[in-house]
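The values are calculated or read from the model by the stated rules, or taken from the named source; none is laboratory data. A quick note: this is a predicted structure, and the numbers were derived from the prediction, not measured. Reconstructed Cβ throughout: ideal geometry from the backbone, glycine too, with neighbour counts over all protein chains shown.
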């Protein structure tokens, strides 16, 4: 009985907070976002939007320079279809210490073998195993928002 009551109360809270409401005075969409303006404008995230076409990734080009110290390098080739999961890591087939020289690829950094505590492992650390969390495919794409960022002087 207690679980049923909790489920009913939770469903009621979700129903009251999740549904957007139209303001009568300004014809603007009012939602429970704390008054923060959205880059989407009046479109709620749940509305179906036409997605942008996939960015064209140039084939095996020179890497784009890094903009700040400790920035993960961008990937200068496509990664579409790469399998990176608990069972396999396609990136390591070329970038591991064993295969990098033979494949002409950059070796992964020795920092990828360290645990949070600083212990060096004999294989890639689990926290660094999923490469595409930090390393993204470079593409010549326009910025999503205006940006005045300048790289540090030592990297220019």
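Just to check your reading of the model, which residue among 124, 136, 145 is surrounded by 12 or more Cβ atoms within 10 Å (Cβ to Cβ) and closer than 29 Å to residue 53 by Cα?
Result: 136 is the single residue among 124, 136, 145 that is surrounded by 12 or more Cβ atoms within 10 Å (Cβ to Cβ) and closer than 29 Å to residue 53 by Cα.
Residue 143: within 19 Å of the chain's Cα centre (by Cα) and either closer than 27 Å to residue 39 by Cβ or modelled with pLDDT of 90 or more (or both), yes or no? Full working, then the answer.
Details: within 19 Å of the chain's Cα centre (by Cα): yes; either closer than 27 Å to residue 39 by Cβ or modelled with pLDDT of 90 or more (or both): yes.
Against the criterion (within 19 Å of the chain's Cα centre (by Cα) and either closer than 27 Å to residue 39 by Cβ or modelled with pLDDT of 90 or more (or both)), residue 143 qualifies.
Is it true that residue 78 is part of a loop (DSSP other than H, G, I, E, B), touching a strand residue (DSSP E or B) at 6+ places or on another chain (Cβ under 7 Å) and either surrounded by fewer than 14 Cβ atoms within 10 Å (Cβ to Cβ) or modelled with pLDDT of 80 or more (or both)?
It is true that residue 78 is part of a loop (DSSP other than H, G, I, E, B), touching a strand residue (DSSP E or B) at 6+ places or on another chain (Cβ under 7 Å) and either surrounded by fewer than 14 Cβ atoms within 10 Å (Cβ to Cβ) or modelled with pLDDT of 80 or more (or both).
Can you find, within region 121-140, the residue that is nearest to the chain's Cα centre (by Cα) among those that are in contact (Cβ under 8 Å) with a residue 12 or more places away in the chain and not in a loop (DSSP other than H, G, I, E, B)? First the steps, then the outcome.
Step one: of region 121-140, the residues in contact (Cβ under 8 Å) with a residue 12 or more places away in the chain are 124-125, 127-132, 134-140.
Subsequent filtering for residues that are not in a loop (DSSP other than H, G, I, E, B) retains 127-128, 131-132, 137.
Numbers: 127: 15, 128: 14, 131: 11, 132: 8, 137: 11 Å.
Selected residue: 132.
Need pairs with beta-carbon distance below 8 Å; first residue free of Cβ contacts under 8 Å to residues at least 60 places away in the same chain and at positive phi and within region 55-84, second in a loop (DSSP other than H, G, I, E, B) and surrounded by 14 or more Cβ atoms within 10 Å (Cβ to Cβ); sequence gap 6+ or separate chains.
Listed by first residue and then by second, the contacts come to 60/76; 60/77.
Can you confirm whether region 48-66 contains a residue that is over 30 Å from residue 144 (Cα atoms) and either at pLDDT 70 or above or loosely packed, with under 12 Cβ neighbours inside 10 Å (or both)? Talk me through it step by step, then tell me what you get.
Taking region 48-66 and keeping what is over 30 Å from residue 144 (Cα atoms), we get none.
Checked region 48-66: no residue is over 30 Å from residue 144 (Cα atoms) and either at pLDDT 70 or above or loosely packed, with under 12 Cβ neighbours inside 10 Å (or both).
I'd like the residue in region 88-116 that is over 25 Å from the mean Cα position of the chain (by Cα) and loosely packed, with under 15 Cβ neighbours inside 10 Å and, out of all such residues, is farthest from residue 63 (Cα to Cα). It would help to see each step written out before you state the result.
Start the filter on region 88-116 by keeping residues that are over 25 Å from the mean Cα position of the chain (by Cα), which leaves 97-104.
Narrowing further to those that are loosely packed, with under 15 Cβ neighbours inside 10 Å: 97-99, 101-104.
Details: 97: 20, 98: 22, 99: 20, 101: 18, 102: 20, 103: 17, 104: 14 Å.
In this case the residue turns out to be 98.
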